[in-house]
Amino acid sequence: MRTVMLIIALLLSLTIPSFAQNNSNSQNSLPSLIFDGKFKGPFRETVIVRIYDPTYGVVCYLYIPNNVSLKTSIDSSGIHTFLTSFAGNISCVKIK
C-alpha cells in the first residue's frame, strides 16, 4: 500500500509543478521511470497508466482516478502527506 501511495505521489509530481520544483535537487539523483501510455479505465473517471523501468526491465500498470483532488498536510518535520479517498491499484511484470 505504501508503494502505491509513493507511485501516485510521483505521478502527481509530474502534473504539479510546485511539488516538482520543491524537490528538484533530490529528484535529479533518482533513476527515471518512462511513461509509456495512458488508457481509458473500465469505470468513468479512471485511467490505466503504463510505466516502464529500464533499469530492471519491468512494466507496471497503474489503475488510478483520472482527476484527484490533491489534499496535503505537512507535519512538524516538513514531511508532506498526500491524502486521497482512492488509492488505485498497481500490477507489474518483468519483461526482460
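Observations on the structure shown:
- Residues that are in a loop (DSSP other than H, G, I, E, B) and under 11 Å from Ile64 (Cα atoms), drawn from the stretch 24-41: Gly41
- Looking only at the stretch 43-73, and only at residues there that are at pLDDT 80 or above and of a type in the set (A, V, I, L, M), the one that is farthest from Pro31 (Cα to Cα): Val47
The values are calculated or read from the model by the stated rules, or taken from the named source; none is laboratory data. Owing to the predicted nature of the structure, the values given are computational and were not obtained by experimental measurement.
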